[in-house]
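Values in this text are rule-based calculations from the coordinates and carry no lab data. Owing to the predicted nature of the structure, the values given are computational and were not obtained by experimental measurement. Neighbour counts are summed over all protein chains in view; Cβ atoms, including those assigned to glycine, are modelled from backbone coordinates with ideal geometry.
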Amino acid sequence: MIDRSGALKVRIEFGKEGKRVTVSGHIGGDIQLECQSCLQALAWPVDISFKLSVVSSLQEAKQLDDSEPLMLDGETISLTALIEDEILLALPDYPRHPFECIERNRSEDADYGATDSQIKANNPFSVLAKLKKTGD
C-alpha cells in the first residue's frame, strides 16, 4: 500500500449453524495500492463478503458446503489477523491501472520498418543459413 491513511468499514457477525460456530461479515472501502507498471498510486475498491465456519480438523473442513473453513490452532483467534487475511486474499497479485499508464518503449534492436535484407544482415544466424545452402 502507498497511503495508510484510508479507512475500511468492517462488519463481523458471529453465529451458529447446528453445532458449528460461524464468522461472517463484509469489508468495504477504498485503499491505495502501488501500480506495478508506473509505481504511482492506484485507488482500489474493496468489497469483500465472507462466511467462515470454525473447524478443528481437515475432516470437518471437507464436510463444509456453503462456507470456507477457519481452522483454529488454539482457543482464540485474532480478528485483526482474520480481517487482514481476507483483504490480502482479495487483492490482485499485480495491481495495475486499467489503462496504459506508461508509454511502452520499443527495444533498440527491434526490426520495425526494416526491410528483409536489413533483417537478414542483422541476423546472427545468417551465417548458418549460408552453410545449410552450400553444404559446407
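Taking the Kirkwood radius as Rh and the Cα radius of gyration as Rg, the stretch 1-102 has a ratio of Rg/Rh equal to 1.08. Inter-label distance, Asp93 to Ala7: 3.5 nm, where each label sits 7 Å from its Cα along the C-beta direction. Annotation for Lys19 and Leu128: the two label points, set 7 Å from Cα along the Cα-Cβ direction, are 6.8 nm apart.
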